[in-house]
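Accompanying notes for the structure given below.
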Amino acid sequence: MPLGNYSVDCRYTSRMLSQSQPPGPSPDHPEQLKECAQLFTQNYGIWGSAAPTPLRPGGRVSLKPNVLRVKCLGDPSSTIVVRAFANGSELVGHAFATKWLYTGNEAPYNDGRSCVGWVTQLVVAKHLRRQWIATSLLSFLKNTSWFKDVVMMGLMSSHPAACNALSKLIFDFSFMRQYAPSVLGCSSVSYVKEARLAGAFLEGDTDPQAAYEAFTDFWVDHGEPNTVLQAYMQKGKWSSGPLSEGHEFLILVPIQ
Ligand SMILES: CC(C)(COP(=O)(O)OP(=O)(O)OC[C@H]1O[C@@H](n2cnc3c(N)ncnc32)[C@H](O)[C@@H]1OP(=O)(O)O)[C@@H](O)C(=O)NCCC(=O)NCCS
């Protein structure tokens, strides 16, 4: 069932991201998918040493537009894309999110909202990171009409900064444990539906070193994300353990 799609374009100028009018083309527009796939390939990361054949450890994680469409749009009619441009037309960041009807156990709020929103891809150009572009993309997304029926929002990522951009490091682990299984179970996005909860989702509080992670068969190199994780841990900002290979952190936040 189409739940409504949306496209927002933003301009980045001297540490500010502002929404431009009119909105961009629909999320599955071929030229836009091509540009986003290119941004991803140039900026996302490299395959880790444990990446199985035919992946090449150290090679760039690359993405073709058709794979982006199948993997990240879920149902295009229920998908939003928010893109950031610098210098007029240079694409420097994007967030894809899709939503689906929540059909699991009791929803967190009984106020008529019915959807799970999921950030299926978030990437920012390397030369403009740490300037709150990812945070702003997600905040624009939260201010759209697309977001109005979303009752919880999730993402899977190896990068703690992506989790931070969504949750601002406020994790409600008991909420995540309660809802993650049913949220994955009713997902319209195949890699989310097929993700296998692991670590602290299974161990509960018995192992403080276990991460809130899911096996997604994604063998990206964890070098840079691990450095960020160490910094968060040293500052006491991250309370679960390090990520296992082939896994991603899974974050689920209630939307009040
Ligand atoms: C993850 C990513 C999208 C973050 O983009 P960004 O625009 O640099 O993020 P922001 O500037 O909005 O930062 C979000 C938060 O993380 C923090 N952060 C970002 N990068 C950080 C780093 N390298 N070290 C420590 N903290 C970092 C920011 O300070 C901010 O927290 P704050 O609001 O408490 O200050 C970007 O690093 C990226 O594209 N990485 C590669 C792709 C990836 O892993 N994507 C996630 C998959 S879904």
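The values are calculated or read from the model by the stated rules, or taken from the named source; none is laboratory data. Owing to the predicted nature of the structure, the values given are computational and were not obtained by experimental measurement. Cβ sites come from the backbone with ideal geometry, for glycine too, and all protein chains shown count toward neighbours.
Here is a yes/no grid of residues against (1) touching a strand residue (DSSP E or B) at 6+ places or on another chain (Cβ under 8 Å); (2) among the hydrophobic types (A, V, I, L, M, F, W, C); (3) under 15 Å from PHE40 (Cβ atoms); (4) surrounded by fewer than 23 Cβ atoms within 10 Å (Cβ to Cβ):
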{"site": "LYS126", "(1), (2), (3), (4)": "no, no, yes, yes"}
{"site": "ALA134", "(1), (2), (3), (4)": "yes, yes, yes, no"}
{"site": "PHE140", "(1), (2), (3), (4)": "yes, yes, no, yes"}
{"site": "ALA161", "(1), (2), (3), (4)": "no, yes, no, yes"}
{"site": "ALA165", "(1), (2), (3), (4)": "yes, yes, no, no"}
{"site": "PHE171", "(1), (2), (3), (4)": "yes, yes, no, yes"}
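Given the residues PHE249, PHE218, which is the only one that is closer than 14 Å to PRO160 by Cα and touching a residue at least 12 places away in the same chain (Cβ under 8 Å)? Break it down stepwise before answering.
Values: PHE218 fails: closer than 14 Å to PRO160 by Cα.
Residue meeting the stated conditions: PHE249.
Can PRO54 be described as within 21 Å of LEU138 (Cα to Cα), part of a loop (DSSP other than H, G, I, E, B) and free of Cβ contacts under 8 Å to residues at least 12 places away in the same chain? Can you show your working first?
Values: within 21 Å of LEU138 (Cα to Cα): no; part of a loop (DSSP other than H, G, I, E, B): yes; free of Cβ contacts under 8 Å to residues at least 12 places away in the same chain: yes.
Here the answer is no, as PRO54 does not meet what is asked.
Kindly indicate whether any position in segment 87-109 is over 22 Å from VAL189 (Cβ atoms) and within 11 Å of the ligand (Cβ to nearest atom). Working first, answer last.
Going residue by residue through segment 87-109, those that are over 22 Å from VAL189 (Cβ atoms) are 87-92, 106, 109.
Checking which are within 11 Å of the ligand (Cβ to nearest atom) leaves us with 92.
Within segment 87-109, one or more residues are over 22 Å from VAL189 (Cβ atoms) and within 11 Å of the ligand (Cβ to nearest atom).
Answer with yes or no whether ALA162 is at pLDDT 95 or above and either within 15 Å of the ligand (Cβ to nearest atom) or of a type in the set (A, V, I, L, M) (or both).
Details: at pLDDT 95 or above: yes; either within 15 Å of the ligand (Cβ to nearest atom) or of a type in the set (A, V, I, L, M) (or both): yes.
Yes; evaluated as a whole, the condition is true for this residue.
Looking at GLY246, GLY199, which is the one that is touching a strand residue (DSSP E or B) at 6+ places or on another chain (Cβ under 7 Å), more than 30 Å from ALA107 (Cβ to Cβ) and at pLDDT 95 or above?
Details: GLY199 fails: more than 30 Å from ALA107 (Cβ to Cβ).
Only one candidate passes the filter, namely GLY246.
Filter segment 98-136 for residues that are in contact with a Ser or Thr (Cβ under 9 Å, 6 or more places away or on another chain), touching a residue at least 60 places away in the same chain (Cβ under 8 Å) and of a type in the set (A, V, I, L, M) and give the result.
Scanning segment 98-136 gives LEU101, VAL116.
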